[in-house]
Amino acid sequence: MSGSVVLKGLVKTYPGVVAVDHLSMDIREGEFMTFLGASGSGKTTTLSMIAGLTLPTSGEILLNGQDVTFIPPHKRNIGMVFQNYALFPHMTVYENIAFPLKMHKVSKEEIAKRVTQALHMVQLPQHGDRYPSQLSGGQQQRIALARALSFEPGLILMDEPLGALDKKLRQHMQIEIKHIQEDLGFTTIYVTHDQEEALTMSDRIAVLRDGKLEQLGTPEELYEEPKTLYVADFIGESNIFKADVLEVGEERLKLQLPGGRSFYALRCSETVEGPEVSVAIRPEKFRVLSASETVSEEYNVFEGIIKEVIYFGESSKYSVEIGKDVIIIVKQPNFYPATKVGVGDQLTLSVHWRSCRTYCEGLSL
Amino acid sequence: MDKKLKNILMHPTAKGMLLLTPALVALFVFFVIPIFRMFHLSLFDPHFTLKYYIAFFQRPVYIRVMWITVKISLIVTAVCLLVGYPFALILSRAGEKLSKVFLVCIVLSMCISLLVRNFSWIIILQRSGIVDSFLMKVGITHRHVKLLHNLFSVVVGMAEILLPYMILPIFSVLKSIDPNLPKAAQTMGARPVQAFWWVTFPLSLPGVYAGFLLVFIMSLGYFITPALLGGAKEMMISNMIAFQVQTVLNWHFAASLSMILLVATLVFYTIFNKVVGLEKLEDLGV
């Protein structure tokens with residue numbers, strides 16, 4: 001019942017713009033794949049090409065091993081949930097969900113059965129007679145999902161389906177969609193610009209940038225081992241600063257902060273060019289050391305002055321100047337008893353050298 | 001006292017009312033009063049009488065003229081719908097530049113005098129005119145075809161002039177339909193024709209109704225085109241009124257005919273509203 005998708009060198013150009021630039025990837029059966037990217041990254045265009053609503057300039061799309069590049073959308077058997085839901089305003093909820101079944105020539109009795117099932121699945125069994133305009137945003141979203149699922153396509157495409165909902169409801173729907181997807185086992189391609197949403201829901205994430213695939217991997221891989229500075233910055237938070245290269249080792253680099261202190265960092269690329277590299281460190285990888293504490297060689301130790309403290313409830317963020325003009329953010333959970341530090345205090349921090357990732361390219365945003 | 005008056009006049013509602021005044025005065029002087037005058041004229045000669053209304057219903061010729069009026073209006077409306085809908089559909093899907101050019105053309109056509117446009121049709125349709133000589137040359141016919149002063153020429157002339165009133169409302173409704181809706185239908189297995197039939201077309205109906213109503217009601221009172229392009233058989237009620245005013249000088253009867261036309265128009269409007277239920281469609285958020 002679930003479908004696989006293969007993209008081979010997919011290109012879409014518009015006059016003056018390359019929207020999608022030689023995109024290739026395999027999407028496995030039953031997988032929850034997310035296209036993550038900023039606006040203009042080509043994620044929606046790619047989704048639209050998979051649905052058949054946009055013709056690619058070149059490249060191939062395979063669905064379950066079959067070339068569907070030039071097959072019109074109504075023959076692809078793909079369910080799609082649109083950003084604004086695209087519910088038919090002149091049809092009731094029942095008629096909306098029945099529509100794809102009617103188009104697929106399912107018998108009347110079977111339609112009634114399946115619509116009821118679909119309404120139960122999205123927990124709106126009593127709403128069949130309503131019109132979409134009489135439903136709340138969250139309810140419309142569920143109906144759109146039920147409609148896309150009612151004809152049991154093996155592949156569901158979702159284009160920022162939760163974009164219009166408020167934060168609480170969005171989080172709730174993320175989990176609900178994920179549960180339905182796991183229960184029914186259909187393949188999902190999900191488009192979003194919200195990295196948190198991508199991390200929570202996906203089996204794998206494809207980070208797109210300017211129509212190209214920046215990195216493809218599980219949420220954990222993308223967060224812990226970003227291959228490019230763009231990914232390190234786009235997914236989660238990263239402290240990014242420049243450091244001079246002192247020694248180039250096989251696996252690690254010895255670097256020096258502007259202002260003197262040297263430290264070790266993970267070597268990320270084959271070649272290390274130039275006198276300096278960019279370093280990215282996640283704010284929560286730091287640990288605040290007490291005065292007497294010592295750490296093993298594996299850890300880098302930085303010292304700095306606290307410039308700002310921001311209280312977040314479950315955690316606090318400290319801005320610490322660890323080198324000349326190098327200010328990093330350190331995130332610490334708020335233990336009991338609370339650590340009594342404030343602006344102007346000296347702070348000693350430790351961080352494992354493998355958590356310090358280096359990149360040759362600069363960050364151009 | 002002065003200040004109080006000023007306050008009242010500067011109140012937002014009062015200001016709005018003030019702005020409405022010129023329009024209301026004009027409407028009253030040039031519309032409401034004449035209608036009452038006409039109503040009065042149709043009923044008093046010089047004492048109260050119903051003879052001008054009775055005359056209408058006693059003589060079959062007047063009923064016939066009324067029937068012809070309704071028939072021609074229906075045909076014209078149908079022609080406008082058949083020609084206008086595809087045009088509006090293409091226009092709504094055309095690129096921005098192209099659709100602007102077309103819209104300007106439509107509006108420009110409305111700026112050209114009715115007389116000029118009707119006379120153009122005379123030139124095109126007359127004996128040995130462009131169409132006639134073309135048909136003979138190609139050999140479709142060997143005798144002259146009568147294209148003018150019949151139902152055909154009246155319908156063509158009226159439809160050409162009234163077409164924009166059908167296209168514009170349909171176009172504006174089509175344009176307001178979310179382009180994702182037919183796309184969504186296609187992802188759900190609908191062929192493009194089915195997506196149009198089940199989604200785009202029903203959603204465009206308010207525009208169709210508006211265009212239908214506009215063209216039909218304007219046709220009912222049409223005067224110039226049947227006068228210029230029609231024959232004796234295509235006399236519509238407005239021509240009859242003009243005849244009574246200008247030739248027979250029976251203004252009382254002309255007034256009663258006008259009142260009958262007005263009532264007929266209102267009746268059609270009411271029936272239409274009941275059957276279609278324009279308000280109900282608006283409730284759906286269409």
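Numbers below:
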item: Among A:343, B:162, A:199 the positive-end extreme of the charge dipole of the protein assembly as shown (Cβ point charges); result: B:162
item: Eligible lysines near residue B:3 by straight Cα distance, threshold 27 Å, same-chain separation 8 or greater; result: B:15
item: Given charges at beta-carbon only (K, R positive; D, E negative), |dipole| of the protein assembly as shown in Debye; result: 4180 debye
item: FRET E, pair residue B:59, residue B:138, Förster distance 45 Å, beta-carbon r, rounded to 0.05; result: 0.50
item: Cα shape, chain A, gyration tensor, a/c 1.5 rule; result: prolate
item: Value of Rg to Rh for chain B (Rh from inverse mean 1/r over Cα pairs, i.e. Kirkwood); result: 1.06
item: Reciprocal of mean inverse Cα separation for segment A:261-359 (Kirkwood radius, Å); result: 14.5 Å
item: Distance in nm between pseudo-label sites at residue A:133 and residue A:237 (7 Å out along the Cβ direction from Cα); result: 4.5 nm
item: Charge dipole of the protein assembly as shown about the Cα centre (unit charges at C-beta), most positive-ward option of A:334, A:294, B:9; result: B:9
item: Förster radius 25 Å - calculated FRET efficiency between residue A:26 and residue A:69, Cβ distance, rounded to 0.05; result: 0.95
item: Loop chymotrypsin sites (Phe, Trp or Tyr not before Pro), segment A:270-328, which have at most 15 other Cβ atoms in a 10 Å radius of their Cβ (DSSP); result: A:312
item: Spin-label pair residue A:109/residue B:49, simplified geometry with 7 Å Cα→Cβ offset, distance in nm; result: 7.5 nm
item: Estimated distance in nm for a label pair at residue B:193 and residue B:271, the labels positioned 7 Å out from Cα along Cα-to-Cβ; result: 3.4 nm
item: Per residue Cα convex hull volume in Å³ - calculated over segment B:1-43; result: 82 Å³
item: Which listed pairs, of A:12/B:183; A:43/A:324; A:75/A:108; A:227/A:331, have C-alpha distances above 28 Å, in listed order; result: A:43/A:324
item: Chain A: DSSP helices with Cα axial extent of at least 15 Å and average Kyte-Doolittle hydropathy no lower than 0.0; result: A:93-103
item: Extension reserve of the residue B:17-residue B:113 stretch, reckoned as 0.36 nm per residue once the Cα distance is removed; result: 31.0 nm
item: Globularity ratio of the protein assembly as shown, using Cα Rg and 2.2 N^0.38 Å; result: 1.44
item: Over 31 Å (Cα to Cα) - which of B:175/B:233; A:285/A:340; A:105/B:97 fall in this group; result: B:175/B:233; A:105/B:97
item: Mean Kyte hydropathy of 0.0 or more with a Cα span along the axis of at least 18 Å, helices from DSSP in chain B; result: B:12-27, B:60-93, B:96-111, B:151-176, B:201-220, B:251-276
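The numbers here are math on the coordinates, done by the rules we state, and not lab data. Model, not experiment: these values are computed from the prediction. All Cβ positions, glycine included, derive from the backbone under ideal geometry; neighbour counts span all protein chains shown.
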